[in-house]
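Reading through the structure tokens given below for one structure.
The values are calculated or read from the model by the stated rules, or taken from the named source; none is laboratory data. The structure presented is a predicted model; accordingly, all values stated were derived computationally and were not measured. Reconstructed Cβ throughout: ideal geometry from the backbone, glycine too, with neighbour counts over all protein chains shown.
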Amino acid sequence: MGRKLGILAGRGALPRAVMQTCQSQGRPFFVIAFDGQTEAELVQQTPHKWCRLGAANDIITSLKQAEVADLIMVGAMTRPSLSSLAPDWRATKILARIGWRMGDDGLLRSVIKEFENEGFRVIGVSDVIPDLLTVGGTYGKISPSAQALDDIKKGQAVLRSLSNMDVGQAVVVQHGMVLGIEAAEGTDELIQRCQALQRAGEGAVLVKMRKLGQESRADLPAIGPVTIQNAAKAGFCGIAVEAGGTIILECDAARRQADQSRLFLYGFVADDQPSPQA
């Protein structure tokens, strides 16, 4: 049956994919849904508890009462302001120790450490669904052109140079020119913002990769069919993601969407990483 899994669920398809995998494997699970973050329909007819993001004591107590052993953090979340977080006494103690102004990756590392100190084993999505991680090469029928491969290298270099700043995980490049870097707005908004900035010729490339030294158990960059649809609507020529460091949701559907949209979906091996095995 396996160890009971606690799912700290944000938005999007990833929490649902984890829940469906648990159900297919007969693995028991319990969901923490967050006010203003998690979609209500996600937790219908599933064991769950609604909590505020700032209610650390309620979250930890609920997980222990549910006899959770392993813990996973999946799905997109909007980082609230400190005032809207409304931290309880336990969250206040944690924030006093780790600070609130650190970047997302630093904050996630600290949160994971707190859960581990409470006796939970924190795991990554690849521990539950290994097939989600990308491999190197072309997905589908369309391959990147020589110009697109150059743009992918440029995007990789830009994201690597920004790793220590703990900012976004995506960049849009066209003909060697950086059109936009992902910040707090997210990938879909980045695509929309860059649409009007493109010049004539082959469309832009969206490049996504994890930060150098990123905590791999949370917040890995991810794409899915919706990302591909948005990139196609914006006139991009393709999407490149780091092999072994990026998640593709609904891979078969994503591949079909890429082929239908006539854009490439490509897994590149980061220059400073070993090649992942297919």
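Below are the figures for this structure:
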quantity	calculated
Test result for residue 52, in contact with a Gly (Cβ under 6 Å, 6 or more places away or on another chain), at pLDDT 85 or above and of a type in the set (D, E, K, R)	no
Meets criteria (farther than 30 Å from residue 25 by Cα, outside the structural domain of residue 22 (by TED's automatic domain parsing) and of a type outside the set (Phe, Trp, Tyr)) for residue 147	yes
Qualifying residue in segment 179-187 (condition: in a helix (DSSP H, G or I), surrounded by 14 or more Cβ atoms within 10 Å (Cβ to Cβ) and within 16 Å of the chain's Cα centre (by Cα))	yes
Among (1) under 30 Å from residue 24 (Cβ atoms); (2) outside any strand (DSSP E or B), the one test that residue 73 misses	(2)
Among the candidates 75, 2, residue that is on the phi > 0 side of the Ramachandran plot, touching a Pro at 6+ places or on another chain (Cβ under 7 Å) and touching a residue at least 12 places away in the same chain (Cβ under 8 Å)	75
